[in-house]
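The values are calculated or read from the model by the stated rules, or taken from the named source; none is laboratory data. Treat the numbers as computed from the prediction; the structure is a model and nothing was measured. Here Cβ is always computed from backbone atoms with ideal geometry, including for glycine, and neighbour counts include all displayed protein chains.
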Amino acid sequence: MASHTILVVDDQPINVQMLKRKLEREHLEVMTACSGPEALELVAKSRPDLILLDVMMPDMDGIEVCQRLQASEETKSIPIIFITARASKEGKLEGLGVGAVDYITKPIDLDETFARVQTQLRFVSINREVVELQHRLAESRRTATIGAVTQGIAHNLNNMLGIVIGYLDLIKAHPDRPESVKRNASQVESAVQRIVVIIKQLSTLMVKTRFPTTKRPLNQLIAGALERYQVEHKITQRAFVDNPLGSQSIETHVEVFEDILAKLLINAWEAYGNKPIEDRPIWIRTELIQKREGPCIVLRVEDHGRGIDPEIRDHMFEPFISSKHTVGVGMGLTVARHAIRNLSGEVVLYDRPAGGVVAEITHPVEQRKRRADAA
């Protein structure tokens, strides 16, 4: 079976047959088309690895065919070599400008054409290997993360169960002391709640399917995250919000987005250590940027706290990595990054120049369609 498939498109049958025979002698599979619409129909049915495309054709020329292929996510990566009688610099620039990777001028030199085809097919093979390597690396990272999560859960659950047993022993040792029983029971409840939180976070990490999304105004999402952050952590002080985007809508999963932002807010709050409540300012700032994939909002949570601990700087998104010395913490950033990536976004942390940390969320304004094989 041929390893590569070439589509030859030319309105001159003699050119088509000449190229077809040459390429087939070199053990390449060849499809042919005599017009632009026929070429588009063939590409839609069976994706060739490379297209040799005549520029000058009636009805739909090669430039328009190339533009249509480039406009589709499914076909834009197929390399196109233009075949043309126009040897002018302007003609070549026009073709390269719409997405062609190379130019062959008529009259066609078959050996030169095959050499150029070989070069592009090498690039195709390299790209396939890179994609395969990326898939393998992603799987390796996923396996490593699962291993780290499993080990971290076992360690943390053992510690917390030890705490529960210890306080239960104290309750059994002094059942006649109501205040002591009440205090120890409170500690048991706190440890159990931490166990529940870890189980919930683990469930979030294991989700691989795309979250269902809906459009919501950004100011409402920020308000919801602030309320969640304050209620869940019993914090009365509000953050300062600088949101020039106002009610700009984004397509997201409301609960997941608010939970991510709430996690970053509590990280900022805890970065102040034991400072008084009035000395813990937190800012939320927004910005609209344009990326190659489309418009995105950037949301930054800023604090003036102690900054990123150098000991965990390179590992802070790994499970159970934390600067706090408390049992049962260290998955907040892991869960936040996993969740935001399921929404086609990203979260990064970096030092604030004037001191403290900036936690930055990048989130698309509209969700892009994922291929069926995407994780």
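Some notes on this structure:
- A single member of E251, E258 is under 27 Å from the mean Cα position of the chain (by Cα), within 15 Å of E360 (Cα to Cα) and of a type in the set (D, E), and it is E258.
- Contact map, region 98-114: residues that are buried (at least 17 other Cβ atoms within 10 Å of the Cβ) paired with residues that are assigned to a strand (DSSP E or B) and not hydrophobic (A, V, I, L, M, F, W, C), Cβ distance under 8 Å, separation 6+ or inter-chain. Pairs shown: Y103/T84; I104/T84.
- Residue check, R216 in a helix (DSSP H, G or I), within 24 Å of E346 (Cβ to Cβ) and of a type in the set (D, E, K, R): no
- Residues that are more than 21 Å from A336 (Cα to Cα) and crowded, with 18+ Cβ neighbours inside 10 Å within region 244-263 comprise just one, L245.
- Looking only at region 173-213, and only at residues there that are in a loop (DSSP other than H, G, I, E, B) and under 29 Å from V241 (Cα atoms), the one that is modelled with the highest pLDDT: T213
- Residue pairs whose Cβ atoms lie under 9 Å apart, separated by 6 or more positions or on different chains, with the first residue in region 222-249 and without any contact (Cβ under 8 Å) to a residue 24 or more places away in the chain and the second among the hydroxyl-bearing types (S, T, Y), are Q230/T236.
- Within region 10-28, not a single residue is in a strand (DSSP E or B) and not assigned by TED's automatic domain parsing to the domain that holds E293.
- Residue among P295, P276 that alone is under 16 Å from the mean Cα position of the chain (by Cα) and either more than 15 Å from R228 (Cα to Cα) or at pLDDT 85 or above (or both): P295
- Among the residues making up region 57-78, those that are in contact (Cβ under 8 Å) with a residue 40 or more places away in the chain and aliphatic (A, V, I, L, M) are M57, V65.
- Exactly one residue out of I266, I308, I289 is of a type outside the set (S, T, Y), surrounded by fewer than 20 Cβ atoms within 10 Å (Cβ to Cβ) and in a loop (DSSP other than H, G, I, E, B): that is I308.
- Filter result for R141 (modelled with pLDDT under 65 and under 19 Å from R341 (Cβ atoms)): yes
- I235 vs. criteria modelled with pLDDT under 90, of a type in the set (A, V, I, L, M, F, W, C), closer than 30 Å to L161 by Cβ and not in a helix (DSSP H, G or I): yes
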